[in-house]
Amino acid sequence: MIKKYTSFLVILIIIYACATVQSPTGGEKDEKAPILYKSNPKDQSTNFQGTEIKLFFNEWMKLEQIDKELIITPREEIKYETSLKKQELIIKLEEPLKDSTTYTFNFRKALSDITEGNLWETPVIAFSTGSYLDSLEVKGSVTQLMNQEPAKEYLVGLYNAAVDTANLRQGKPIYFTTTNEEGTFTMKNLKAGKYLIYAFEDTNDNLINNSQTEPYGIFPDTLILNESLPSISIKTYQNNEDTLKLKKTSPVGKDFIIQYNKGISDYKIKHQTDSNQFIYTNDVEQSKYLKIYKENFPDLNYETDSVELLLEVKDSLNQSRIDTVFLKIRESRITNENISIKTKPNGKIISGNQKFTFSLSKPVYRLNYDSIQLRIDTIPIKIFNKDEIKFNFNKKEASLYSVLNQKEIDLLIDSLKSVHDSIRSQHDSLANKIDSAKIDNDSTNINRKSTDLETKNRSSLQKKETNRNIGKEARPSSDGQNIALGSTNQSTNNYTLQLYLGQGAFIGIESDSTANSSTNITFKKAEDYGTIKGKVEGIESDYIIQLLSEKYEVIDTLINKNEYQFNYVEPGSYRLRLIEDTNGNAKWDAGDPLNLSPHENIYYLDEVITVKANWEVIDKDFDISVDKSVNESEEN
């Protein structure tokens, strides 16, 4: 009996060991993608009438996030259940598919092998429920407009052009897919018809574009699909197109907040009974809300009194709105941070007219002009006056204007050095006279003393003369200050030109003030920089040329220069782009995706430009007529 139980136990252990899935140990790593051996229905087959789809692979598989990864087109509310048994995936449909329709099942990253997680490389099957299989194709690439990077994992959708609400904001695509790591896409087995095509980053997987947070792009023409088309290029960008709305107004702390649904680019606030009063307001959190300071209305009673204000605001799309708001405040111990300098000039200038711009965390209520100076070392050479300081519309940006001529500054520095050298010479002369007087006095005392002390005093005198001749160590003078005897450089000052803001140079409406700040000013030397030159041809509208860093940050901008030149370019790597400014407003404008209105074109030079000190980079030309002909041939 015991032997029977032992044999049965051994059999169970063997069965369990065989059934347990384990990764193989040893040997080479499996890097081969799993292969689909067979499927029902077969890929590219017709007349499928079942409610169960089966896929059988060459190795054991795992299934992940099938609800997110599986794309079924044409898009319908198809309900299904899935089960995976070792090498076989079964999809059970709750209802039969539509008759005479070509379906595509794109599994994307849902299926991989169980050992190394290698993805199924061609995760698509297509079949028809009728006798005809749609075979048209649309392919292309999606690129981020502002940096030319591939738009990875962006949704690309085809919409029925005959339906008014078929667009990226209201409807949902009939056919759709996602871009790969290179930003390319392919949609196969499409039905003939007229379509609109959009691409966007669908971060919440709802097939609807939210322009506030999700970049998008359009193809500005209707696709007439009766044969497979050449590759399509779509450029994407971020542009919040929501209608500008006032969300709420309320007291917050001791101040009053006005909040909008999106950032605003410009605003005006008027006191209805005193239109001349400037209302001190801070735009914060990317200008989504405005903070109106209680100090604007010192006589306003808490809770009971109100002030009627008229607000005119605009967003980046030039949408505007006007609202009437009644401001109330409440008593609070909450205080705001002190006004501070957020950005200041970099201090590298070219001889001539100057503009030094400071941005501040809060609007400026008043200035201490005596604290706004140009200095050489610690010596003020200029105090800015009222006419030389200008503010932007909300007084959060201050620009200081002056003329600084390098030759005049150099002469002034030389004069200061000369004065300093003269003072040092007088100090040295005075020190020598003091030493000489002491030596004479010592000699007289020596003559008066007895002979037996003569040797001792002579030795003391020689020691003093030796110390004086060393001449490189300072000793106390008669007024208590150090005099460097025989020193060749008494001062350690290097006579640096500085833009100096003393404590309290800028004062906010809350009686807070900025800390002191200084910026060293240096004149650029042409030999330390490079130059980039080029021409612009084949463009009829206005245009903007931008010098960019290698990371697409704007370094410098020129407008409508047929023969352009960027001077004083620091050594480094750069890119160049040209913006076709069709409306002449000196900035790039987005299009209207709902009306298929395209954005203003942007053209890039393909190369990264290397600039070295004292180098001139030439022939960096834009020929837009060539670029346009290339683009048109690609789109046709």
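State all residues of the stretch 380-405 that are under 23 Å from Ile509 (Cα atoms), without any contact (Cβ under 8 Å) to a residue 60 or more places away in the chain and part of a loop (DSSP other than H, G, I, E, B); if no residue qualifies, say none.
Passing the criteria: Phe384, Asn385, Asn392.
Considering the stretch 133-154 alone, what residues qualify as being touching a Leu at 6+ places or on another chain (Cβ under 7 Å) and surrounded by 16 or more Cβ atoms within 10 Å (Cβ to Cβ)?
Asp134, Leu136, Val138
Val419: exposed (fewer than 14 other Cβ atoms within 10 Å of the Cβ) and without any contact (Cβ under 8 Å) to a residue 24 or more places away in the chain, yes or no?
The answer is yes for Val419.
For the stretch 202-313, give me every one of the strands (runs of 3 or more DSSP E) that falls completely inside it and has 3 or more residues that are touching a residue at least 24 places away in the same chain (Cβ under 8 Å) and of a type in the set (A, V, I, L, M, F, W, C).
Hits in the stretch 202-313: 223-225, 255-260.
Filter the stretch 368-379 down to the residues that are assigned to a strand (DSSP E or B) and either surrounded by 15 or more Cβ atoms within 10 Å (Cβ to Cβ) or at positive phi (or both) and list them by number.
Scanning the stretch 368-379 gives Ile372, Gln373, Leu374, Arg375, Ile376.
Could you check Glu408 against (1) exposed (fewer than 14 other Cβ atoms within 10 Å of the Cβ); (2) in a loop (DSSP other than H, G, I, E, B) and say which number it fails?
Checking Glu408 against (1) exposed (fewer than 14 other Cβ atoms within 10 Å of the Cβ); (2) in a loop (DSSP other than H, G, I, E, B), the one that fails is (2).
If I go through the stretch 208-224 residue by residue, how many of them are more than 22 Å from the chain's Cα centre (by Cα) and either surrounded by fewer than 20 Cβ atoms within 10 Å (Cβ to Cβ) or β-branched (Val, Ile, Thr) (or both)?
Number satisfying all stated conditions: 7.
Specify the residue that is farthest from Ile279 (Cα to Cα); the eligible residues are those in the stretch 346-398 that are small (Gly, Ala, Ser) and within 32 Å of the chain's Cα centre (by Cα).
Ser351
Among Lys152, Lys172, which is among the basic types (Lys, Arg), touching a strand residue (DSSP E or B) at 6+ places or on another chain (Cβ under 8 Å), in a loop (DSSP other than H, G, I, E, B) and over 30 Å from Phe56 (Cβ atoms)?
Answer to the selection: Lys172.
Asp205 passes all but one of (1) exposed (fewer than 15 other Cβ atoms within 10 Å of the Cβ); (2) acidic (Asp, Glu); (3) at pLDDT 90 or above; which number fails?
That leaves (3) as the condition not met.
Residues checked against (1) touching a residue at least 60 places away in the same chain (Cβ under 8 Å); (2) within 21 Å of Glu94 (Cβ to Cβ):
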site: Lys29; (1), (2): yes, no
site: Tyr37; (1), (2): no, no
site: Pro41; (1), (2): yes, yes
site: Gln44; (1), (2): yes, no
site: Gln49; (1), (2): yes, yes
site: Leu55; (1), (2): yes, yes
site: Trp60; (1), (2): no, no
site: Lys68; (1), (2): yes, yes
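Scan the stretch 116-127 and tell me whether some residue there is at negative phi, of a type in the set (Phe, Trp, Tyr) and not assigned by TED's automatic domain parsing to the domain that holds Ile208.
So far as the stretch 116-127 goes, yes, one or more of its residues are at negative phi, of a type in the set (Phe, Trp, Tyr) and not assigned by TED's automatic domain parsing to the domain that holds Ile208.
Output the residues belonging to the stretch 568-589 that are surrounded by fewer than 18 Cβ atoms within 10 Å (Cβ to Cβ), under 28 Å from Thr522 (Cβ atoms) and free of Cβ contacts under 8 Å to residues at least 40 places away in the same chain.
Gly572, Ser573
Checking Thr186 against (1) of a type in the set (Ser, Thr, Tyr); (2) surrounded by 14 or more Cβ atoms within 10 Å (Cβ to Cβ); (3) in the same structural domain as Ser320 (by TED's automatic domain parsing): exactly one of these is not met. Which one?
Evaluating Thr186 over (1) of a type in the set (Ser, Thr, Tyr); (2) surrounded by 14 or more Cβ atoms within 10 Å (Cβ to Cβ); (3) in the same structural domain as Ser320 (by TED's automatic domain parsing) leaves (3) as the failure.
Scanning for something modelled with pLDDT of 95 or more, aliphatic (A, V, I, L, M), in the same structural domain as Lys191 (by TED's automatic domain parsing) and touching a Gly at 6+ places or on another chain (Cβ under 9 Å), does the stretch 159-169 turn up at least one residue?
No: the stretch 159-169 contains no residue that is modelled with pLDDT of 95 or more, aliphatic (A, V, I, L, M), in the same structural domain as Lys191 (by TED's automatic domain parsing) and touching a Gly at 6+ places or on another chain (Cβ under 9 Å).
The values are calculated or read from the model by the stated rules, or taken from the named source; none is laboratory data. Keep in mind the model is a prediction, meaning the values are calculated, not measured. Cβ atoms come from the backbone with ideal geometry, glycine included; neighbour counts cover every protein chain shown.
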